[in-house]
1. Need the full-extension length gain, A:Asp197 to A:Ala78, defined as separation in residues times 0.36 nm minus the C-alpha distance. One decimal, nm.
2. So if we plug the beta-carbon distance of A:Lys49 and A:Lys441 into 1/(1 + (r/R0)^6) with R0 = 51 Å, what FRET efficiency do we get, rounded to 0.05?
3. State, to one decimal in nm, how far the label point of A:Asp204 lies from the label point of A:Glu351, with both points 7 Å from Cα in the Cβ direction.
4. What pairs from A:Lys125/A:Lys149; A:Lys129/A:Lys241; A:Lys59/A:Lys270; A:Lys32/A:Lys300; A:Lys62/A:Lys129 go past 30 Å between their alpha carbons?
5. Over region A:289-394, what is the mean sequence separation of C-alpha contacts under 8 Å (at least six apart), divided by residue count, expressed as relative contact order in percent?
6. Given contacts defined as C-alpha pairs under 8 Å and at least six residues apart, what's the relative contact order of chain A, whole-number percent?
7. Rounded to the nearest 5, what % of DSSP beta bridges with both residues in chain A are antiparallel?
8. Taking θ as phi - 60°, what are the ³J(HN,Hα) couplings along region A:101-112 by the Karplus curve (6.51, -1.76, 1.60), each to the nearest whole Hz, with x for Gly and Pro?
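The values are calculated or read from the model by the stated rules, or taken from the named source; none is laboratory data. It should be emphasised that the depicted structure is a prediction, and the values quoted were computed from it without experimental measurement. Methodologically, a virtual Cβ is constructed for each residue, glycine included, from the backbone with ideal geometry; neighbour enumeration extends over all protein chains shown. Please note that ligands, DNA and RNA were not included when accessible areas were found on the heavy atoms of the full protein model with its side chains. Shrake-Rupley method; radii C 1.70, N 1.55, O 1.52, S 1.80 Å.
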Amino acid sequence: MYVCGVTVYDYCHIGHARSILVFDMIYRYLKKKFPKVVYVRNFTDVDDKIINKANREGKSCKEIAERYIQAFYEDTDALGALRPDIEPKATEHIPEMIELIQKLIDKGLAYVVDGDVYYEVRKFKEYGKLSGRSIEEMLAGARIEIDEKKKDPLDFALWKASKPNEPWWESPWGRGRPGWHIECSAMSMKYLGETFDIHGGGMDLIFPHHENEIAQSEGATGKPFVIYWIHNGFVNIGKEKMSKSLGNIILIRDILKRYDRELLRLFLLKTHYRSPIDFTFEALDKEKESLDRLYRTKEKIEELLSEKGKEHPVTEEAEKAKAEIEKAKEEFYQAMDDDFNTAMALGKLFESVRDFNRFVDKSGASLTEKALVAETMADFMGEVEEIFGILSHKPSEWFKEAKSEELELSAEEIERLIEERSRARKEKNYKKADEIRDFLKSKGILLEDRPDGKTLWRLAK
RNA sequence: GGCGGCGUAGCCAAGUGGUAAGGCAGGGGACUGCAAAUCCCCGAAUCCCCGGUUCGAAUCCGGGCGCCGCCUCCA
């Protein structure tokens, strides 16, 4: 699997987060099914935007690229995304690109003009097959800049002759630098072969980037380039497109200052990867309710599992509860197998959580039986954790430490007040008990009296 | 202008020919000293509209309306 990574000239935003997390989910899932999967994601570290930024700041392109590669890792690690197996940089694959360009020239698909090399789009008969457009249609669409050097306005640069203040490499056509599209063809084929299974990226890359990659790769090899293309949908801010000009860009690092990464992961992964998503902080807040519910169930599971060990005859009811969860898990996998239908898969998780809660709360089963069923549920949740990267916290931490620095009371004080309240309740002094509960509530702490007499606390929304 | 996508409950979101998943919010009930949590029950009569195909359509076809993306760097 090859995924187009980022051009390293700025911090990553919520849109990058979606792409990163969608392909992280896909990688995690494929890894479970096909342990030999290889995940390659590139860094574009030579490009107009980087050059501009470097010139503006009086730094080298390499310095700019290094800075934002570093930032990229900080962000992806903070998101809990697994590192790809191979992360090639464009600047480290110039020879491969030159070789590929030469091949295209030799085949008559590309031509040289004043040290530039262009791909002659009309020579590649299938041009437009990915994006579903024809050359004629695109020409009719106008808005194409006139470039004297190109034979055809749609031809694109494989190699650009260097201008002053630009990085350059020696090539058969003089000093210059690669065009944007060629790096992905060269690097993906180097690491994955001339034909490989999955190529991914954002929706916006379909045209022209991926269309051009196909032209370059298939033009050079005569073989199919990619079996499956996967393109993730965009994230809008509210209903608007996120863009620099609108000034509504939301950075990953800014979100993660306020929200646990699992909230963002669930928010972005519960929608099918191809659909657009409207991002709002309110929607992210609401996700907390759903995740809390899952964590409460996880908490219950952990309590039950500590009861494990004693042998006990298993009733039909427990067997049935287990079977229900197993079935939901099977359906979860069927949904994932159907074009990564995460929305449906998570629906199955919630169904089984409901079934599990029902069994634990309403059946007359013994603790050991419940523990047995809890094991099945824990197993399912564990697999969800592996694939979605959620539910990885200990429930106790999830409910208590999430925003502990904003808490006005220390954990010790809270425990002390709970203790005081428990005494009051035993004495049937409910007025005092409720005062304490109300006081804690005013401090953002909710109490939960359990049937076993224990009182738990957690943070309010 | 060309190409593509979308329009499902108050909100989010699956389903794409056979009685409309799931989440959040809401109402009622069980439980509780009261709560909280949990569970149960309830809720879509336009699945954007109009035609058509079919025994049967949210799902297919045709025509509208509305929203969005791409066609220029972009996840």
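1. 40.0 nm
2. Here the calculated transfer efficiency is 0.50.
3. Taking the two extended label points, one gets 3.8 nm.
4. A:Lys59/A:Lys270; A:Lys62/A:Lys129
5. Contact order relative to length: 40 percent.
6. Averaging sequence separation for qualifying contacts and normalising by length gives 14 percent for chain A.
7. If I count the DSSP bridges inside chain A, around 55 percent turn out antiparallel.
8. 5, 4, 4, 5, 5, 4, 7, x, 9, 9, 9, 9
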